[in-house]
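Read the structure below first, then the notes.
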Amino acid sequence: MPVAQRLAHIAPFYVMEILAHAKALEAAGHDVIHLEIGEPDFPTPAAITQAGIAALQAGQTFYTPALGIPPLRQAIADFYQSRYSITVPARRVVVTPGASGALQLALAACINPDDKVLLPDPTYPCNRHLVRLVNGEPVCLPVAADSGFQLRAEDIASHWDARTVAAMIASPANPTGTLIRPEDLRSLLAAVRARQGILIVDEIYHGLTYGCEAETALAAGEDMFVVNSFSKYFQMTGWRLGWLVVPEAYVDAVTRLAQNLFLAPSTVAQYAALAAFLPETQAELAQRRQVFAQRRDFLQAALPELGFALSGAPEGAFYLYVDVSRHTDDSFGFARRLLDEAHVAVAPGCDFGQHAASRHIRLAYTTDIPRLAEAVARIKAWLG
């Protein structure tokens, strides 16, 4: 049977192949250390879980409004005020089925067939594929450590053409963990505005920054889409809940899209997420952030003995993007051999784009320090 032509441009998610092979090795009795998946290893905070159980027991299992329950939309708006001192009207907050749902809404609202969207390379692979899903054309621009692996205003000036309508960035970024500087964001936004375009900013790793506090893109203006999620900082990956802050001019369009694409986010997850903003939950998450920082520092210090070179300054998320060209020019083959022979799973650079992808891998420090130490020992022994 025929498959839609857009699938010709949507590549496999290679890290999922690594994960599937790792699970098969585990089923065969091998001990695999997982550094490949971008998922916190901490359980969802107890207050959130208890709120979800209470919602089930109270019979909160029916559809909600398409944009989310009003108390959660207001709680998210209040969070911007308390965390960032930014006023965001609750009417502009759209609760979604994960950040992926938020990205789909943003792109569907502003992209027409054959429109171009500028993205950095490397970047989270699903972003470019979601552009393809709405029949747009992702234009992936090589970025490097000198720009913090972020798009800059000069990239907009050099690559924006008559078909370009949007630019998409992430801060903290995946796979690099780098942040865009506030002044660079403002310059980037000004360049996009000057061309009557729209900026989409992925902030799903906000809260997971080390030694600094990230400023939300909304501090630079209201005329952009900002995506966030309960998955990473709030550690609710399996609950599948995110949100989108929508420019006022797009509220009606996004409402109609949400009604038709998703009907409503998970009811139980929404009621559970109300507890994410409780003071005791925030205190627990802050403690866990310190643990992530300790893991980052440990793994970063171990890189030289492995012959791995760090690419960029990882100030957020829970990733190190490392250059392994001393050992290979085939990151996927390297990842497969490392898994097969040393039972350490990593993400190959080819997942994140084409620019220098064959000589990079991503390490996720989403396991405890003793396991990270064991992973380092295994890799060192394997490399000889």
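The values are calculated or read from the model by the stated rules, or taken from the named source; none is laboratory data. What you see is a predicted model, and the numbers here were worked out from it, not measured in a lab. When we count neighbours, we look across all protein chains shown, and the Cβ atoms used for this are built from the backbone with ideal geometry, even at glycine.
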Filtered residues of segment 26-55 (kept if of a type in the set (A, V, I, L, M) and surrounded by fewer than 14 Cβ atoms within 10 Å (Cβ to Cβ))
Ala27, Ala28, Ala46, Ile53
Looking for something at positive phi and among the charged types (D, E, K, R) - is there at least one such residue anywhere in segment 206-225?
no
Does any residue in segment 141-156 that is closer than 17 Å to Pro182 by Cβ and basic (Lys, Arg) come within less than 9 Å, Cβ to Cβ, of a residue that is in a helix (DSSP H, G or I) and at pLDDT 95 or above six or more places away or on a different chain, and which pairs are these?
Arg152/Asp184; Arg152/Ser187; Arg152/Leu188; Arg152/Ala191
Among the helices (runs of 4 or more DSSP H) lying completely within segment 41-112, list those that include at least 3 residues that are in contact with a Leu (Cβ under 8 Å, 6 or more places away or on another chain).
70-84, 98-110
Go through Leu218, Leu285 for me and flag whichever is in the same structural domain as Arg326 (by TED's automatic domain parsing) and in contact (Cβ under 8 Å) with a residue 60 or more places away in the chain.
Leu285
Select from segment 212-231 the residues that are farther than 16 Å from Arg83 by Cα and in a loop (DSSP other than H, G, I, E, B) and list them in ascending order.
Gly221, Glu222, Asp223, Ser231
Would you check which residues across segment 248-261 are closer than 17 Å to Arg73 by Cα and within 22 Å of the chain's Cα centre (by Cα) and list them?
Val254, Ala258
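Got a sec? Which of Gly148, Gly177 is over 26 Å from Leu261 (Cα atoms), surrounded by fewer than 24 Cβ atoms within 10 Å (Cβ to Cβ) and within 20 Å of the chain's Cα centre (by Cα)?
Gly148
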Kindly provide the set of residues from segment 146-185 that are assigned to a helix (DSSP H, G or I) and touching an Asp or Glu at 6+ places or on another chain (Cβ under 6 Å), ordered by number.
Pro182
In segment 207-216, which residues are at pLDDT 95 or above and closer than 20 Å to Gln294 by Cβ?
Gly207, Leu208, Thr209, Tyr210
In this structure, is Ile200 part of a loop (DSSP other than H, G, I, E, B), among the β-branched types (Val, Ile, Thr) and in contact with a strand residue (DSSP E or B) (Cβ under 6 Å, 6 or more places away or on another chain)?
no
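Residue-wise test of (1) within 14 Å of Asn127 (Cβ to Cβ); (2) touching a residue at least 12 places away in the same chain (Cβ under 8 Å); (3) touching a Lys or Arg at 6+ places or on another chain (Cβ under 9 Å).
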| residue | (1), (2), (3) |
| --- | --- |
| Arg163 | no, yes, yes |
| Asn174 | yes, yes, yes |
| Pro182 | no, yes, no |
| Leu185 | no, yes, no |
| Ala191 | no, yes, yes |
| Ile198 | no, yes, no |
| Leu208 | no, yes, yes |
| Gly211 | no, yes, no |
Can you tell me which residues in segment 151-165 are in contact with a Leu (Cβ under 8 Å, 6 or more places away or on another chain) and crowded, with 16+ Cβ neighbours inside 10 Å?
Leu151, Arg152, Ala153, Asp155, Ile156, Trp160, Thr164
Condition check for Ala102: within 19 Å of Val201 (Cα to Cα), surrounded by fewer than 19 Cβ atoms within 10 Å (Cβ to Cβ), among the aliphatic types (A, V, I, L, M) and at pLDDT 95 or above:
no
Evaluate the following for Arg193: is it at pLDDT 95 or above, farther than 21 Å from Ala249 by Cα, among the charged types (D, E, K, R) and part of a helix (DSSP H, G or I)?
no
Have a look at Arg186, Arg163, Arg181, Arg152 and point out the one that is under 27 Å from Ala4 (Cβ atoms) and either assigned by TED's automatic domain parsing to the domain that holds Tyr14 or modelled with pLDDT of 95 or more (or both).
Arg163
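Just checking: which of the helices (runs of 4 or more DSSP H) contained wholly in segment 269-384 hold 3 or more residues that are within 23 Å of the chain's Cα centre (by Cα)? Reasoning before the result, please.
On the way: elements: 279-306, 331-342, 369-383.
Because the criterion is at least 3 residues that are within 23 Å of the chain's Cα centre (by Cα), the helices (runs of 4 or more DSSP H) in segment 269-384 that meet it are 279-306, 331-342.
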State yes or no: is Ala309 at pLDDT 95 or above, touching a Leu at 6+ places or on another chain (Cβ under 8 Å), farther than 20 Å from Phe79 by Cα and not basic (Lys, Arg)?
yes
